[in-house]
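For reference, the structure is listed below as structure tokens.
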Amino acid sequence: MSEANEQQPVIILKKKSGHDGHHGGAWKVAYADFVTAMMAFFLVMWLVTQSQEVKNNVAGYFNDPGGWGKKKGSQSLLKGGQSLLKEPAPPAPTHSPSEQMAREVLKQAGDRIQSALTQLPDFESIKDHIEIEMTEEGLRIELIEAAEAADDSAYFFALGGSELSNKGVTILSAIANELGLLENALVIEGHTDSRQYVYKNKYSNWELSADRANAARKLMEIKGIKESQVAEIRGFAAKRPRIANNPKDARNRRISIVVQTAPGSPSVELMEMHEMIDGRVVKDVATPAAPEPH
């Protein structure tokens with residue numbers, strides 16, 4: 001082999017790739033931007049259809065992501081969800097037409113009781129001790145033993161006993177006169193404060209609360225309600241205080257009369273009779289006879 005052939009250069013041919021080098025991975029970045037933009041678009045479209053409360057929650061979260069939930073205890077933004085920090089408020093109950101009618105009958109009965117009580121001579125002195133309100137259970141009438149500023153009092157029952165006072169007889173008689181026109185079932189509850197008796201092993205707040213509720217039942221049956229109306233007598237002692245942060249408050253001592261909701265209305269005959277003797281009844285309960293000793 002000649003010296004010229006040994007020094008001849010070697011030529012290597014290389015094929016170029018089918019894609020131009022300037023493309024690279026830029027299309028992936030563009031696609032990610034497009035997906036992000038579409039997600040933001042659909043989020044905005046969802047948000048504009050939500051209630052003002054949801055919008056306020058979203059705005060509050062983005063203004064203070066760390067502290068918003070703790071400050072507000074807000075509901076979840078998604079319908080049907082709930083916050084882990086606070087139970088959502090229960091939905092307002094719905095009533096059938098017959099239930100609505102029954103509740104309206106009870107509301108009217110409460111108004112008539114209020115009207116009858118205002119005609120009593122000493123009503124001004126005890127009006128703060130009587131509460132009448134509609135609840136989910138029905139019409140609730142409460143006779144509260146003490147005023148807000150009082151350390152102790154005995155308006156409706158003898159202190160520490162189940163004997164009705166003259167005021168207690170007067171008020172319960174007027175209430176019984178009206179409730180006797182209805183067919184609704186009644187529940188009578190007795191409540192006390194948490195102060196204990198010296199001889200608590202012999203007679204406790206359990207006995208006292210039940211005895212007071214039963215004394216109210218006895219008088220009301222004499223004054224107008226039907227025996228068949230009484231569904232329950234409940235003695236709660238101090239287990240359901242009216243003033244929860246002060247179980248010893250005298251305002252926790254009370255009698256509650258619950259007129260349970262039930263479809264129906266007073267008969268026409270009873271209503272007409274009530275209108276005829278209403279004035280006489282008010283006059284009669286204003287000067288009651290002293291209750292018999294227990």
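Are there any pairs with C-beta distances below 8 angstrom linking a residue in the stretch 167-185 that is within 13 Å of ILE130 (Cα to Cα) to a residue that is charged (D, E, K, R) and in a helix (DSSP H, G or I), with the two at least 6 apart or on different chains, and if so which?
As it stands, the answer is LEU172/LYS223, since those pairs meet every condition given.
Considering only the stretch 217-262, state which residues are acidic (Asp, Glu) and more than 19 Å from ILE130 (Cα to Cα).
Step one: filter the stretch 217-262 for residues acidic (Asp, Glu), giving 221, 227, 232, 249.
Listed by number, the residues that qualify are GLU221, GLU227, GLU232.
List the pairs whose first member sits in the stretch 249-272 and is under 13 Å from GLU183 (Cα atoms), whose second member is part of a helix (DSSP H, G or I) and modelled with pLDDT under 70, and whose Cβ atoms are under 9 Å apart, counting only residues at least 6 apart or on separate chains?
Hits for this filter: SER265/MET271; PRO266/HIS274.
Filter the stretch 164-186 for residues that are of a type outside the set (Gly, Ala, Ser) and out of contact with any helix residue (DSSP H, G or I) (no Cβ under 9 Å at 6 or more places or on another chain) and give the result. Walk me through how you get there before you give the answer.
If we filter the stretch 164-186 for residues that are of a type outside the set (Gly, Ala, Ser), which is where we start, we get 164, 166-167, 169-172, 175, 177-179, 181-184, 186.
Residue satisfying the conditions is ASN166 alone.
Return yes or no: is ARG212 at pLDDT below 95, assigned by TED's automatic domain parsing to the domain that holds GLY138 and charged (D, E, K, R)?
No: the conditions fail for ARG212.
The values are calculated or read from the model by the stated rules, or taken from the named source; none is laboratory data. Keep in mind that what you see is a predicted model, and the values were worked out from it rather than measured. Backbone-built Cβ (ideal geometry, glycine too); neighbour counts: all protein chains shown.
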